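Single-structure report; data block below.
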Amino acid sequence: MAAEDADLPKALVKRIVKAKLITLQPQAETDDQKREVQLNKDALLAFAESSKIFIAYVTATANDICKQAKRQIISGEDVATALEELEFDTFVGPIRQSLECFKRGNKEKNKRKAEQLKKRKAEKAEQAIHEPAEDSDKRLRPEDVGQPPAEEAYSDDEMIADAGAPPQHEAVQPQAVPLNDNRTAAVS
């Protein structure tokens, strides 16, 4: 992986640093009194590089924890344990809270998606019942739902006539085919 591929987005790093610096300012009476913090280009680069190193360090430790447990996927709990091992205990509480908040948010989001999907399926089923199909003979009516297809209705006379009549086929006329020695053969 090239060094450029592993760089953190500078706009994101700048936004995080500025947000933290604003919270560290003494309490001002109004938001207007909080002054905008300016970051030097070198300072922004230093924050980005140190963040990248910190992430790599925690990742390597979490990976070691994962390998010791004979697993291949690093979990959020592995990251929290890695922070404890690296003696960043002050980060563990907020990380676990953020992880729980993230899990709750994902659970709610997935629940909403499932409900929306269920609702769309119900609407499509309702639409299929009530809207006419392209071919009006194939249209479903509410009373037909769950019923087997009806047989074609014949009168008694038609049924008797169909039952007793031999099947009708076109008659095949034999054709004369000339043979090599002036004879002809009939082929049907």
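Tabulated results
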read-out: Residue check, Thr81 over 25 Å from Asp7 (Cβ atoms), free of Cβ contacts under 8 Å to residues at least 12 places away in the same chain and among the β-branched types (Val, Ile, Thr); value: no
read-out: Residue match in the range 109-131 (condition: loosely packed, with under 11 Cβ neighbours inside 10 Å and assigned to a loop (DSSP other than H, G, I, E, B)); value: yes
read-out: Number of the exception - Val92 against (1) free of Cβ contacts under 8 Å to residues at least 12 places away in the same chain; (2) touching a helix residue (DSSP H, G or I) at 6+ places or on another chain (Cβ under 6 Å); value: (1)
read-out: Residue satisfying condition, being under 30 Å from Ala11 (Cβ atoms), within 31 Å of the chain's Cα centre (by Cα) and not aliphatic (A, V, I, L, M), within set Lys111, Lys52, Lys118, Lys67; value: Lys52
read-out: Given (1) in a helix (DSSP H, G or I); (2) within 28 Å of Val92 (Cβ to Cβ); (3) at pLDDT 90 or above, number of the condition Lys20 does not satisfy; value: (3)
read-out: Odd one out for Ile74, checked against (1) surrounded by 10 or more Cβ atoms within 10 Å (Cβ to Cβ); (2) part of a helix (DSSP H, G or I); value: (2)
read-out: Any hit, the range 51-65, residues being out of contact with any strand residue (DSSP E or B) (no Cβ under 9 Å at 6 or more places or on another chain), over 23 Å from Asp7 (Cβ atoms) and outside any loop (DSSP other than H, G, I, E, B); value: yes
read-out: Qualifying position, being surrounded by 12 or more Cβ atoms within 10 Å (Cβ to Cβ), modelled with pLDDT of 70 or more and touching a Lys or Arg at 6+ places or on another chain (Cβ under 6 Å), among Leu86, Leu44; value: Leu44
read-out: Residue that is nearest to the chain's Cα centre (by Cα) [pool: residues in the range 77-108 that are among the acidic types (Asp, Glu) and in a helix (DSSP H, G or I)]; value: Glu108
read-out: Residue match in the range 24-35 (condition: acidic (Asp, Glu) and modelled with pLDDT of 85 or more); value: no
read-out: Residue count for the range 99-123, restricted to those that are modelled with pLDDT of 90 or more and of a type in the set (Gly, Ala, Ser); value: 2
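The values are calculated or read from the model by the stated rules, or taken from the named source; none is laboratory data. Just so it is clear, the model here is predicted, and its values are computed rather than measured. Neighbour counts run over all protein chains shown; Cβ positions are idealised from the backbone, glycine included.
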